[in-house]
Amino acid sequence: MWAKFCIHVNWKKAFVAKNRGGLGISSLYAMNKGLLLKWVWRFVTQKNTLWARVIQALHGVDGRIGTSLNGGQRSCWTSIIQEVNNLGQKGIDFMSLISIKLGNGEKTRFLEDKWCADGILKTKYPRLYALESCKLISVGTKLSHPSICSSFRRNPRGGNELDQLVRLEDDLKVVVLNSSHDDLLGFGNRSTGICYGVIDSET
């Protein structure tokens with residue numbers, strides 16, 4: 001006679017990444033979230049496509065990514081953005097996982113985009129951001145100027161302004177642009193599978 005066995009699986013633990021004691025198995029839940037978030041990835045990387053321009057016309061240049069959605073008419077896109085917000089409430093900053101690899105610097109905003117390892121420059125250097133007359137200036141354009149202060153509405157006047165300028169100039173010493181290549185977006189140092197595991201283990 002065949003013996004009957006009942007196997008109990010702790011799926012919550014099985015979905016946890018291997019380096020955190022789990023089996024690293026991706027669930028349909030995480031895969032579904034990943035596929036939805038892929039549209040955010042496409043929006044960020046394909047801003048000149050027709051569908052992305054439609055989103056920008058309806059929701060603004062940034063597509064309302066990272067903004068709070070309070071009321072208003074719901075759509076497929078706002079539902080996707082809500083998924084980004086839901087992950088943020090659970091400690092997963094999806095947008096922080098997206099990194100920029102500079103080429104010629106023309107598609108990357110100097111102050112608004114996260115292209116530096118230390119974060120977004122407008123947050124790191126708020127006094128210089130306030131002085132900048134062209135908030136959306138690209139990295140390529142900014143670094144082509146004879147001076148970092150060239151696009152400022154006035155020169156820094158000492159104190160915090162001068163201190164931030166000196167630190168910014170030190171940061172820029174290691175920046176090298178490649179005029180023959182466009183800027184590229186990458187998904188940090190995480191593979192898709194690892195990201196699925198993060199979603200499973202944190203949600």
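Coordinate-derived values only; no laboratory data. Here the structure is a predicted model, which means the values were calculated and not measured. No Cβ is skipped: glycine too gets one built from the backbone with ideal geometry, and neighbour counts run over all protein chains shown.
Report the trypsin sites (Lys or Arg not before Pro) located in segment 98-138 that are in a DSSP loop and have at most 14 other Cβ atoms inside 10 Å of their Cβ, or state none.
K135
Using modelled backbone amide H atoms (1.01 Å from N, in-plane), which distant-in-sequence or interchain residues come within less than 5 Å of S99's amide H?
Here the answer is G186, F187, G188, since their amide H atoms fall under 5 Å of that of S99.
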